[in-house]
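Heads up: the structure comes next, in structure tokens.
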Amino acid sequence: METGSPGDAGTAGATEAARDEPVWTGLPPGLLRMRRLLLVVWLGLCALAAGLLPGLFAGPVWAVFALLPLALMVWGWVMLERNWRSWRYAERADDLLISRGVLWREETVVPYGRMQLVEVTSGPVERHFGLASVQLHTAAAATDATIPGLDPAEAERLRDRLTELGEARSAGL
Amino acid sequence: MSTTEPREEVTERRLHPVTPLRRAWAPVAVLVGWAVHDPDQAQRQLTRLTTTTLLIGLAVLIPAAALYGFLTWWFTHFAVTDTELRIRTGLLFRRTAHIRLERVQAIDVTQPLLARVAGVAKLKLDVIGTDKKDELAFLGADEARALRAELLARAAGFAPETAHEVGEAPSRQLLRVPPGVLAVSLLLTGATWGTLVAAVVVPTLLWLATHNLWTVLATALPLLGAAGASSVGRFVGEYDWTVAESPDGLRIDHGLLDRAHETVPPGRVQTVRIVEPLLWRGRGWVRVELDVAGSSNSVLLPVAPREIAESVVARVLPGVTVPARSSLSRPPRRSWRCRPLWWRGYGLVVTDAVFAARHGLLRRSLALVPHAKVQSVRLTQGPWQRVWRVADVRVDTGANKTVTARLRDADEAARLLHAQAERSRTGRRDARPDRWMA
């Protein structure tokens, strides 16, 4: 799914434009797998409960309630892929771009010099699937620049590169 | 005791000897808090008390409070080094705060009414992350002023040997708000009347409905309190508002009973907002607010004529002229479907120095962000906005405020996003250094 045309800023000459053309990177499929598995497990349990309880106590016809979570699961299966596809990031010479969202689109630009802290986090479930997230903090708490579901090696590479670039271009508040 | 051992030749100082009196209130405050929280229980306990037990209680409580106050005072030290303000405190739980002077965003010296009577003042350094615990309360009034001058001199980058002698930087008054103008401006504020009307109407209706005195009192008192705070409280707090300029930055002094003196060093202002309530428009008055990271005060001018306010803004943000109203570009016509009516209030202009966005129909508010203060730029677009090809551009600043340019044309917004990131990166180059005198 193409999410807009993040072309260059139209700032200066052709060389600038060539340098600024972002090279987008998507997320590895691990995140999608993890989210889909979680979806199937939780909604599967819901469907089981919604089917068994009315089916046993109120008659077998009421077991159709199980279709509700199942329909939700199918819808979620598709939606998760769309959302996963929408996530992408680009490391440019001077700033990091993060673009996400299908219906509610959001694109964030963080100049490297403004980064105060780069964080790599990985919860137990994420670790099991071999995933890690990179989170960028600037002096503004509203800056919500997180890249989820990266390969741990890639997350660490990104962290080191961002830290290095941030130091080189450091600027305070 | 090991409290006074000198470390690396830093002279540690104690707070003013009046301080224990302030701390002595703590046990009393706990008792009062308990009584308010649980009045029935408190009353039952009070009736059981005889005069002798009361006297014994007081005999224990007062020395205990005095001892507590004395000990916290005794164990609180502060020291000024070349680069830091160090505060060491705590009787049982030790706490040491080292505040880096070059990161100072503002310095506040405040004098509550009782402190003015006693001739003492509080001093607080605003750095991102400091809180109430990091204020020096209390210092002698002259000592507080001398310490502020020294801290500013050191933060500015004067040589440590001379920082003592630099003294108070000369200041030049930019503006003083006359009490009459302040009073009229408060009378012309909707919030003042709104709270007053609520404080009169709601208890009356309740009385008619319930005829229960306690219910009426319980609602009337907080409402009256709110009405008082928004009218008299604001008048008292903003009385004699003086803005002055000095090489150390901007000085803001105000207050009738509690005096507050704030100093904002150069280059610390993140956002300036020019607010224009509906009823002030006829007189051409505006209110100017500013955001400094880590500082709680947000008013620069409570009320001032527009031209004077603009000249003060030009002083606060060097090289910035407030864009004229006609230079603001409105959202495209089709965007009325996203925000009927309100869309007319939005406007945006980007100059060489600032990103300026306006919102509000009746109470217009124009927010100015210097490019150098932009931390990140975001573009957001909801599904309905996509249909009409418009998008919002948000600019995040270091004072945790976000300025939003709403309902821009989608292509324009995408260009703006990247151009703004570029400007925010390059805008930093000609910004002044953190140590502004170095």
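The values are calculated or read from the model by the stated rules, or taken from the named source; none is laboratory data. Because the structure is predicted, anything quoted here is derived from the model rather than measured. Glycine also receives a Cβ, built like all others from the backbone with ideal geometry; neighbour counts cover every protein chain displayed. We work out accessible area using only protein heavy atoms, side chains counted, and drop any ligands, DNA or RNA first. Shrake-Rupley method; radii C 1.70, N 1.55, O 1.52, S 1.80 Å.
What number of residues within region B:285-303 satisfy the criterion of being under 19 Å from the mean Cα position of the chain (by Cα) and outside any loop (DSSP other than H, G, I, E, B)?
Counting residues in region B:285-303 that are under 19 Å from the mean Cα position of the chain (by Cα) and outside any loop (DSSP other than H, G, I, E, B) gives 12.
What tally of residues in region B:396-412 results from selecting those that are surrounded by fewer than 24 Cβ atoms within 10 Å (Cβ to Cβ), facing chain A (nearest Cβ under 8 Å) and in a strand (DSSP E or B)?
Qualifying residue count for the region: 1.
In region B:150-164, what count of residues is obtained for those that are surrounded by 18 or more Cβ atoms within 10 Å (Cβ to Cβ) and modelled with pLDDT under 70?
Residues flagged as surrounded by 18 or more Cβ atoms within 10 Å (Cβ to Cβ) and modelled with pLDDT under 70 within region B:150-164 amount to 1.
Inside region B:224-253, can you point out the residues that are open to solvent by 50 Å² or more (accessible area, probe 1.4 Å) and assigned to a helix (DSSP H, G or I)?
B:Leu224, B:Ala229, B:Val232, B:Arg234, B:Phe235
Looking only at region B:354-383, count every residue that is more than 10 Å from chain A (Cβ to nearest Cβ), in contact with a strand residue (DSSP E or B) (Cβ under 9 Å, 6 or more places away or on another chain) and of a type outside the set (Phe, Trp, Tyr) and tell me the total.
Qualifying residue count, region B:354-383: 15.
Checking the structure you have, find out if any residue of region B:303-313 is closer than 30 Å to B:Arg116 by Cα and open to solvent by 30 Å² or more (accessible area, probe 1.4 Å).
No, because not a single residue in region B:303-313 is closer than 30 Å to B:Arg116 by Cα and open to solvent by 30 Å² or more (accessible area, probe 1.4 Å).
So for region B:269-286 (the condition being within 30 Å of B:Ala144 (Cα to Cα), in contact (Cβ under 8 Å) with a residue 60 or more places away in the chain and basic (Lys, Arg)), does at least one residue qualify?
no
In the set B:Leu221, B:Leu182, which member is surrounded by fewer than 17 Cβ atoms within 10 Å (Cβ to Cβ) and farther than 21 Å from B:Arg315 by Cα?
B:Leu221
Considering only region A:77-105, state which residues are under 14 Å from A:Pro29 (Cα atoms) and among the charged types (D, E, K, R).
Passing the criteria: A:Glu81, A:Arg82, A:Arg85, A:Arg88.
Filter region B:51-80 down to the residues that are surrounded by 13 or more Cβ atoms within 10 Å (Cβ to Cβ), in a helix (DSSP H, G or I) and not aliphatic (A, V, I, L, M) and list them by number.
Within region B:51-80, B:Tyr68, B:Gly69, B:Phe70, B:Thr72, B:Trp73, B:Trp74 qualify.
Cβ-Cβ under 6 Å, sequence separation 6+ or interchain: first residue in region B:400-422 and assigned by TED's automatic domain parsing to the domain that holds B:Val390, partner assigned to a helix (DSSP H, G or I) and at pLDDT below 95. Which pairs?
So the pair list comes out as B:Leu407/B:Ser335; B:Leu407/B:Trp343.
Does region B:315-322 contain any residue that is open to solvent by 10 Å² or more (accessible area, probe 1.4 Å), within 14 Å of chain A (Cβ to nearest Cβ) and of a type outside the set (Gly, Ala, Ser)?
No, every residue in region B:315-322 fails to be open to solvent by 10 Å² or more (accessible area, probe 1.4 Å), within 14 Å of chain A (Cβ to nearest Cβ) and of a type outside the set (Gly, Ala, Ser).
Can you tell me which residue in region B:83-137 is most open to solvent (accessible area, probe 1.4 Å), limited to those that are polar (S, T, N, Q) and modelled with pLDDT under 85?
Top of the filtered list is B:Thr83.
Checking the conditions here, which among B:Arg386, B:Arg423, B:Arg415 is of a type outside the set (A, V, I, L, M, F, W, C), assigned to a helix (DSSP H, G or I), at the interface with chain A (Cβ under 7 Å from one of its Cβ atoms) and more than 28 Å from the chain's Cα centre (by Cα)?
B:Arg415
Looking at region A:53-169, what strands (runs of 3 or more DSSP E) fall wholly within it and have at least 3 residues that are open to solvent by less than 20 Å² (accessible area, probe 1.4 Å)?
Here the list reads A:95-100, A:105-111, A:132-138, A:145-150.
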